[in-house]
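Worksheet: one structure, shown below.
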Amino acid sequence: MKKLLIEMLICPACLPDENRLTSKIIKEQDEDIFSGSLTCRRCGKVYPIRNGIAFLDPASLQKGKKTKSKYETAPVLSSYMWSHYGDLLNDSNASSAYTEWADLMYRNSGLALDAGSAAGRFTFEMSKKSDFAIGVDNSLSFIQSARELMINRRMKIDLLQEGVLTKQNTLYLPEAWDSDKVEFIVGDALALPFRSKAFSSLASLNLIDKVPIPIKHLKEMNRVAKEKDAQFLFSDPFSWSKEISNEEDWLGGTDREPYSGRGIKNIMALLKGERKGLLPEWRIEKQGNIWWKIRTHSNHFELIRSCFVKAHR
């Protein structure tokens, strides 16, 4: 973890109180903390830094064996690496979703946040349009892969072909993506480990329907956004599932109030400060759809329409 993050971090377990973390560095090199810990003096929680990765998701501190998330498996990592970087591998089947999303963001000084960053593509894209970009995800597999790319600027990727057969590809990062201006941490999109009003550029891509309390995620994004000169890109296919969240917590796709009807309309209303929404209100710049593709193996792809809203204030 780059040392410059220390000043902006808070204890996510103490929210809504914002208590700073004190650092203990065991091993570092070139302003990068390889091992150590971050401690909250108020609640006493200790967040480890291992192999350069800061573990700032309170759930990651819980002891005991847990069911392994599908996002920690090799097949899912293969799918997401292709989805994020397939175009850089010159795969004719790859989508242009991430470049289209990036084109919606203007150059803005200050910090950028990519919540639910997965394998890190959009975080890297934001290194061109911000002073520093941080990707946050609760999947260790995703964060490890993103940091490997950040450090080595190349990575061998095993893509599933058929059955258990894989084909290895080498991914190279474009020169325009500045590794010194990005970092990736393990964290929870519902309890972001950052002080309020820290970010001038924010993105939540294909995430809102994958968290247990969607409105809490939006409120957290709003909390860490600057009140002026900030931009926010939201995009999602709204694939609501009762396996992930209760229907009464969905922000659309239901006839239950207060968020009955279509998700994109409810998101826009919340951004504009309606229905006890996000304040200060956001102004909608653009709305539309971007087609996103994910690959299971060489003969199986999913084409997904992600509805986006770009806003600023």
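Bear in mind that the values in this text are calculations on the coordinates, not laboratory data. Quantities reported herein were computed from a predicted structural model and do not represent experimental measurements. Cβ placement follows ideal geometry from the backbone for every residue including glycine, while neighbour counts extend to all protein chains displayed.
Note on the chain: GNM, Cα springs under 10 Å; of LYS181, LYS276, LYS210, the largest mean-square fluctuation is that of LYS276. Amide H contacts of ILE10: PHE194, ARG195, each under 5 Å away and 5 or more positions distant or on a separate chain (H built 1.01 Å from N in the peptide plane; Pro and chain starts excluded). Projecting the Cα atoms of PRO193, HIS312, GLY86 onto the charge dipole of the chain (Cβ charges, centred on the Cα centre) puts PRO193 farthest toward the positive pole.
By the gyration tensor of its Cα atoms, with a ≥ b ≥ c the square roots of the eigenvalues, what is the shape of region 1-62: rounded for a/c under 1.5, prolate for a/b over b/c, or oblate?
Values: a/c = 2.16, a/b = 1.62, b/c = 1.34.
Note, shape of region 1-62 comes out prolate.
Our note on the geometry: Cα centres of region 30-92 and region 106-126, 16 Å apart. Normalised by the number of residues in region 195-294, the average gap of Cα pairs under 8 Å and 6 or more apart makes the relative contact order 22 percent. Take every DSSP beta bridge whose two residues both sit in the chain; close to 70 percent of them are antiparallel. The modelled label-to-label distance for the pair ARG305/ARG50, using points 7 Å beyond Cα in the direction of Cβ, is 4.4 nm.
Charge tally around LYS197: other residues with Cβ under 13 Å, Lys/Arg +1 each, Asp/Glu -1 each, net +1. Among beta bridges from DSSP that stay inside region 191-313, the antiparallel ones total about 75%. Between THR296 and ASP131, the contour length at 0.36 nm per residue exceeds the Cα-Cα span by 55.9 nm.
At 0.36 nm per residue, minus the direct Cα-Cα distance, what do ARG256 and ILE151 gain on full extension? Give it in nm, one decimal, please. Display every interim value, and only then the final one.
Details: separation 105, 0.36 × 105 = 37.80 nm, distance 4.70 nm.
Taking ARG256 through ILE151 to full extension adds about 33.1 nm, to one decimal.
Projecting the Cα atoms of TYR98, ILE267, TYR172 onto the charge dipole of the chain (Cβ charges, centred on the Cα centre) puts ILE267 farthest toward the positive pole. Taking 7 Å steps out from each Cα toward its Cβ at ASN289 and VAL164 produces label points 4.0 nm apart. Calculated over the chain, the projected area of the Cα convex hull averaged across directions stands at 15.9 nm². Listed cross-link partners LYS128/LYS167; LYS45/LYS128; LYS128/LYS219; LYS45/LYS293; LYS2/LYS128 are compared with a 28 Å cut-off, the Cα-Cα value being larger for LYS128/LYS167; LYS45/LYS128; LYS45/LYS293.
Taking the Cα centre as origin and putting +1 on Lys and Arg beta-carbons and -1 on Asp and Glu beta-carbons, what dipole magnitude results for region 1-62, to the nearest 20 debye? Write out the running numbers ahead of the final one.
Values: 9 positive and 8 negative charges, 53 e Å.
I would put it at about 260 debye.
Think of region 223-275 as having a plus end and a minus end, set by charges on the Cβ of Lys, Arg, Asp and Glu; of GLN231, ILE244, THR254, GLN231 sits farthest toward the positive end of this dipole.
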